[in-house]
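Structure, as structure tokens:
The values are calculated or read from the model by the stated rules, or taken from the named source; none is laboratory data. Computed from a predicted model, the values in this text were never measured in an experiment. Ideal geometry is used to build each Cβ from the backbone, glycine not excepted, and the neighbour counts take in all protein chains shown.
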Amino acid sequence: MPRTVLLQAAASRAGVPLNFTQSDQVGGNAFPNDGSALLVVRNATAQQQNVIFRVPAKMDNDLTVADRVVPVPPNTSLLIGKFAQEVYNQADGNVYVDCSAAMGLISITAA
């Protein structure tokens with residue numbers, strides 16, 4: 001199942017609305033990363049949830065780097081990032097993210 005790619009909101013001094021996209025619980029999500037991307041995660045549940053960033057990087061050519069798991073407390077929003085391209089970017093230039101439960105997601109780039 002293909003991942004759902006998040007549209008990026010461009011930060012502005014004039015302000016931009018934060019329109020969350022519901023996380024894809026089947027195929028996961030992805031967002032483009034030029035090294036300056038940020039992700040806003042909203043957990044509207046009464047329980048802690050996890051956001052998992054899939055890390056394709058290998059060290060010393062064959063040592064797998066563990067995925068980054070970020071706990072999101074109940075009824076909380078977090079701003080997460082930046083994501084080093086050589087660590088987090090998949091072959092298609094996106095960062096892959098999975099959520100342990102349905103959460104709101106927004107990818108942000110500084111314009």
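All told, PHE53 falls short of being assigned to a loop (DSSP other than H, G, I, E, B) and aromatic (Phe, Trp, Tyr). Please find, within segment 15-36, the residue that is surrounded by the fewest Cβ atoms within 10 Å (Cβ to Cβ) out of those that are among the aliphatic types (A, V, I, L, M) and modelled with pLDDT of 95 or more. Within segment 15-36, the match that is surrounded by the fewest Cβ atoms within 10 Å (Cβ to Cβ) is VAL26. Examine segment 60-68 for a residue that is in a strand (DSSP E or B) and small (Gly, Ala, Ser), and state whether such a residue exists. Within segment 60-68 (the criterion being in a strand (DSSP E or B) and small (Gly, Ala, Ser)), the answer is no, since none of the residues qualifies. Taking only segment 80-97 into account, find how many residues are within 12 Å of LEU6 (Cα to Cα) and not aliphatic (A, V, I, L, M). Counting residues in segment 80-97 that are within 12 Å of LEU6 (Cα to Cα) and not aliphatic (A, V, I, L, M) gives 2. Scanning segment 45-63 for residues that are touching a Pro at 6+ places or on another chain (Cβ under 9 Å) and surrounded by fewer than 18 Cβ atoms within 10 Å (Cβ to Cβ) gives THR45, ALA46, GLN47, GLN48, ASN50. Before we move on, is VAL95 of a type in the set (A, V, I, L, M), surrounded by 18 or more Cβ atoms within 10 Å (Cβ to Cβ), in contact with a strand residue (DSSP E or B) (Cβ under 9 Å, 6 or more places away or on another chain) and under 22 Å from ALA10 (Cα atoms)? Criteria met by VAL95.
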